[in-house]
1. Among residues belonging to the range B:335-382 that are assigned to a helix (DSSP H, G or I) and surrounded by fewer than 16 Cβ atoms within 10 Å (Cβ to Cβ), point out the one that is nearest to the chain's Cα centre (by Cα).
2. Of these, A:39, A:24, A:58, A:20, which one is free of Cβ contacts under 8 Å to residues at least 60 places away in the same chain, over 24 Å from residue A:183 (Cβ atoms) and surrounded by 19 or more Cβ atoms within 10 Å (Cβ to Cβ)?
3. Among the residues of the range B:384-400, is any assigned to a helix (DSSP H, G or I) and facing chain A (nearest Cβ under 9 Å)?
4. Looking at residue B:231, is it under 26 Å from residue B:318 (Cβ atoms), within 14 Å of another protein chain (Cβ to nearest Cβ) and either surrounded by 19 or more Cβ atoms within 10 Å (Cβ to Cβ) or within 18 Å of the chain's Cα centre (by Cα) (or both)?
5. Is it true that residue A:87 is within 9 Å of another protein chain (Cβ to nearest Cβ), farther than 30 Å from residue A:166 by Cα and either modelled with pLDDT under 90 or out of contact with any helix residue (DSSP H, G or I) (no Cβ under 8 Å at 6 or more places or on another chain) (or both)?
6. Would you mind stating whether residue B:430 is within 14 Å of chain A (Cβ to nearest Cβ) and under 30 Å from residue B:466 (Cβ atoms)?
7. Identify, please: which residue in the range B:96-148 is in contact with a helix residue (DSSP H, G or I) (Cβ under 7 Å, 6 or more places away or on another chain) and part of a loop (DSSP other than H, G, I, E, B) and is, among those, surrounded by the fewest Cβ atoms within 10 Å (Cβ to Cβ)?
8. Of the residues A:7, A:11, only one is modelled with pLDDT under 90, under 28 Å from residue A:195 (Cα atoms) and more than 13 Å from chain B (Cβ to nearest Cβ); which?
């Protein structure tokens, strides 16, 4: 399964035959369209499938299409149109959620290029493993004794390190995904391993912030 | 071409009412002449309608300010804070119930219900009565029937069951809830009407019963919620309760345990605490004074503002916890916020303002009345939905994650919290036993890892699967959230096309059939209900008028003839008060009003002038 095969949505508007940027809406004749069941998030937003994206352009695209599709603007329409607005708007929002998140976007691209899923490839890059044990220990220690100052300082230090590590790993992912590697290539397995590492980092960062939240109930008044 | 004309007519935007259905107060607003306006009760500067219901023994329902005035005398038949019980089971609200003077039970379908006038009332029915009253007041203010289509606001942190309960309440009130809108989002609309505004906004909404915080980005007229967090059990009610504990802690001798358990005493203390809290907004100290109506019990405690502030520190800390969560989810820091907006009556307290200012490092906006801003925003959204403008658009999120219970009781999250709505997601599931022909699904909402710690929204079963080895069936489960944040789940076995779907009807909700049944019953009894309520309202009004007239008519310096006439009207009113004749009561009321006109004038002129000015009759 490759990206090309994903694109079975109509290329032209069934109403005015204009070329479609997104199968959700014809920007030429302003008609809402019935979209196919599985829609690539890139197709939904009408942008080319690349890993590197301009965040602002993506957001502007979401806003522009929302102005056309959102159910709020079809509240007085017939039930069929209302249903279509709801479905297409949901499709648009889900697509934006995938594309605006670097990990989910990379994950989607790997899957669409028939790369391994996270169930099929569970390992992380080997350089990463030694550090993971050390990080886990620091978090565990801080969890046991949240008031200990040294442990807290170590946690702050770890948070910085995790941020750096995440940036480095995602830069590596970006490099491997630009341009997109061939379908089923070994590069995809390597990307998957990197993404597994980032998932670990995100979980660790989440736990650290949860610990911080629990601590921070300081006196407000 | 007559059709053409008709078409044009149909396209004229039909106005849509905005209703803030609050824990302590409710109110309506409508878009008129290019801006949202609050629809106030006649002769009142305050648009707020107390969300209080009184059920007189003889039948009917009294709602709003009049019901509130009766809370002290009839603690067991005057219901308030109904919103806290919407979409909840008895187990969820045990604590809430300990704090209110009225009693509730659980129906066989798991719904909380309250017992007054010899029957059970669900929170949905009670909220419907409040909505109906709000609609009537809106109609009165407009001088014509208000729109039946409405945008109704709910706390952003309301879950699916609570949202559906609100939608059902609207239906029972004869209204169509065109949109269930999140309160902080509504507030941002009222503030950000000026579409040149751009930037990141935080809304801190500390209301009567709930706390919400939402972070939004405003760009080209699109209000996009980035994250929301909150606590549906944190509000001004809790502040009042802290005040009550504070005053009782130092007056152990005056009110024994028996008196404290008395519903009338509880009600009185609650109202006294609320008054004291409001005074402490401007004064540095105030009395919490309480006199039980019949027992001769009294309590008077001087409360310093500093004492109150210390007592509610833990509450404010909880609001800041929610703020931190919202920031973490939005991946922003407080310093990145351009503007902070305060919503909800509790944000009038100086220490709340100071806390917010310190946390966000910015002076919060307070230009709009924090009690009215949500209704105003709902009216703006009503204007958008009516087709009145395409300049504004709200993109909201779901506050809580949604998922399915998996084998072993864990939760597989399918839609993460703070995902924009409407939204949809599909997850593949499979069978775990050989030749398994059915799968049970438990739909849950919440952030915890285990299903039993989340709220179960409902269970459904996909049956009739063809016998297959374990793990071979391919079941696609689709979650679809509509723009109100309400969920529909469908499951489909892909090889056979076998489908099962549920409109997730929450455990603590009403079924469509129940709503329909209640609606039918209300149509059947519409006339009696209307007359009973009208009579109940008249009697309350008569009581107030009688009390005022009797207290003053002898010594207001009126001539003998007028005094005699008033006395006669009083007698007639007393008789009518005891009868069940609506027409007679109405006549007596009008007669009493006419006869006491000179009295009112005299009172207004005389010493009472200062005391009465600016107060409504039911406040005298």
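1. Per the criteria, the residue is B:350.
2. The unique qualifying residue is A:20.
3. yes
4. Yes.
5. Yes, satisfied.
6. Considered against the rule, which asks whether it is within 14 Å of chain A (Cβ to nearest Cβ) and under 30 Å from residue B:466 (Cβ atoms), residue B:430 comes out as yes.
7. B:145
8. When all the criteria are applied, what remains is A:7.
The values are calculated or read from the model by the stated rules, or taken from the named source; none is laboratory data. Please read all numbers here as calculations on a predicted model, not as lab measurements. In this analysis, Cβ positions are derived from the backbone assuming ideal geometry, glycine residues included, and neighbour counts consider all displayed protein chains.
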